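Values quoted throughout were computed directly from the atomic coordinates according to the rules given, and no laboratory measurement underlies them. All values derive from a computational prediction rather than experimental measurement. Cβ coordinates were reconstructed from backbone atoms using ideal geometry, including for glycine residues, and neighbour counts include every protein chain displayed.
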Amino acid sequence: RSHTKQWTKEGFLEVCKRCVKELGVKVVLVGDQQDSKVSSVIMREAGPGVTDLCGKSGLKELAAILKRSSLLITNDSAPMHIAWAVNTPVAAIFGPTDYAKYGPRGEHDIIIRKELACSPCQAALCIKNNECLKDITPDEVFKAVRKIFLI
């Protein structure tokens, strides 16, 4: 829910495009109705191979979707914890929250984060313009995705 824990729309868009093009996988966007604003942009710009289910499933359906998924790429969020619970590998993007405390614990999970002097700060309002998330590049996230797919 917190905007301070959300990676960039542009970053997710780039990773989605690369997953479809370079890995040949189908991408399913999940989230609640509030995520539809971002998911509609990704759908429009990512092209074929991306399906938008934001706001179209409850928690049980989300768990079923994640159970059948090869991987979840996500912010620190409830879907991250659900994916871990159903043994779906996670590429988790962390900013201000404590990755050691709240990160997924699966054998193949990867946490993507920046080592900054101020993080993890766990602050509701960032004093550094969310650099801990903005500095994470699509290349870093895609590298984690490829690593999980090669396991």
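What to note about this one:
- Scaled against the 2.2 N^0.38 Å expected of a compact globular protein of N residues, the Cα radius of gyration of the chain reads 0.98.
- Computed label-point distance, nm, for sites Thr51 and Glu10 using a 7 Å Cα→Cβ extension: 3.0
- Reducing segment 134-150 and segment 13-64 to their Cα centroids gives an inter-centroid distance of 17 Å.
- Rough spin-label spacing in nm, given labels placed 7 Å along Cα→Cβ, for Phe149 and Cys118: 3.5
- Along the chain, longest interval not containing exposed GluC sites (Glu not before Pro), exposed being DSSP loop plus at most 15 other Cβ atoms within 10 Å: 1-106
- Placed amide H near Ala91: partners under 5 Å, 5+ positions off or other chain: Leu72, Ile73, Thr74, Ile110
- Angle between the chain longest axis and helix 138-150 axis [Cα atoms, degrees, rounded to 10]: 60
- Distance between modelled label sites at Asn129 and Lys67, nm, 7 Å Cα→Cβ extension: 4.5
- Spread of Cα-to-Cα distances over 5 Å intervals beginning at zero, given as percent, for segment 12-65: 4, 23, 29, 21, 16, 6, 0
- For the chain, the 222 nm mean residue ellipticity estimated from helices alone, with every DSSP H stretch of n ≥ 4 adding -39500 (n - 2.57) and the total spread over all residues, rounds to -12000 deg cm²/dmol.
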